[in-house]
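J.: Below is a structure I'd like to ask you about.
The values are calculated or read from the model by the stated rules, or taken from the named source; none is laboratory data. Since this is a predicted model, take the numbers as computed values, not measurements. Reconstructed Cβ throughout: ideal geometry from the backbone, glycine too, with neighbour counts over all protein chains shown. The accessibility values were calculated without ligands, DNA or RNA, using every heavy atom of the protein model including side chains. Shrake-Rupley method; radii C 1.70, N 1.55, O 1.52, S 1.80 Å.
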Amino acid sequence: MAATLSQPAPGRLRVQWGDEVREFDVGELALSPRLGRLSRQLRLPDGGQLEVADSPLLDAWLPAPSRVEAAADWLERRRTTMLGAAVLLVGGVVGFFQLGLPWMANELAPVIPPAMERTISRQALALLDSTHLRPSRLPAARREELRVKFHALTRGLPRADGLRLDFRDAPSLGPNAFALPDGQVVMTDQLVALVPDDEELLAVMAHEAGHHEHRHGMRRGLESSAAVVVIGFLFGDLSGTGSLSVSIPTLLVNSGFSRRHEREADAFAFALLPRHGISPEAFARAMARLSEGDGETTAGPIGYLSTHPPSHERIEAARRAAEGGKENGR
Ligand SMILES: [Zn+2]
């Protein structure tokens, strides 16, 4: 239906179609800008629209919005879109750190050459030796005894070749143990002193072997390094990254393992121990001893053993595994 526009008074616009006549304040109306030969749209306050033939009268009756107003209007109408885009971008970055990086590290870790694993591990241990660790003061015979048990425990594992056990005196770290990416497991003299039962020490060793079998050390190192590189790109500063073989040892020493990695290593130990006639209960007892002395969070920068997840959770999990083993065995 065709409509007729007229100006009954300055600042007013009359729209007439058929028998219907309505009048508006021009402030209530919006006229689309002139775009080439396209016809223009007049928006009414009730949401209705009129397609209007272009005429110089339109511009006289309906002053066009200024450029600034038009820009503000454009922004206003797109604010939701831009907010959505910003949320998506932040979500994407967070998702990348939480899911993308671990996935990449998981894919990449198995193809890291053993020589690079060894270099990185040597450097990480050298860094620790110069800060937190001293040569072990345990009798050589005791060290040898535990090494023999460690090798019996881990013989036949897919990555058993790289696994070996070493000891360090670590007054500042206290009872602790950690696995380096090349399979070197280090126990502190303080741990050996705290845990008088060798089955419990073997439970800790099984947990560390789990970290090695799952390549947690290398995965963690790669994740942290990639995060440093990505953050460097985001903020335009890559001076802090250096080469990976320099940055990974530092990050390994400083970052520890994630909760998920600890649970995986625990589960690995719970599966391995019964095959050697040891109940996962031994792990629960070792964790209980570890958490008695210094609470749950005081293990410092390389507190792999007694950090997340909370000890009581891990003790419970070990007891459940021990119960499950009993039921299956009978
Ligand atoms: Zn661990």
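J.: Per residue, how much accessible area does the range 83-239 have with a 1.4 Å probe, in Å²?
T.: That works out to 48 Å² for each residue.
J.: Given H placed on each backbone N at 1.01 Å, which residues far from Gln184 in sequence or on other chains put an amide H within less than 5 Å of it?
T.: Here the answer is Arg164, since their amide H atoms fall under 5 Å of that of Gln184.
J.: Where only protein heavy atoms count, and the probe is 1.4 Å, what is the accessible area per residue for the range 4-61 in Å²?
T.: 67 Å²
J.: Still on this structure, I have one more. Quick one: putting +1 on the C-beta of Lys and Arg, -1 on the C-beta of Asp and Glu, what dipole do you get for the range 4-61 around its Cα centre, in Debye to the nearest 20?
T.: Using only the charged Cβ atoms, the result is roughly 240 debye.
J.: Binning at 10 Å from 0, report for the range 138-196 what percent of all alpha-carbon pair distances ends up in each bin.
T.: Over the range 138-196, the share of Cα pairs per 10 Å bin runs 23, 53, 23, 1 percent.
J.: Assuming 0.36 nm per residue, please report the length gained on full extension of the stretch Arg14 to Ala267 beyond their Cα-Cα distance.
T.: Here the answer is 83.2 nm.
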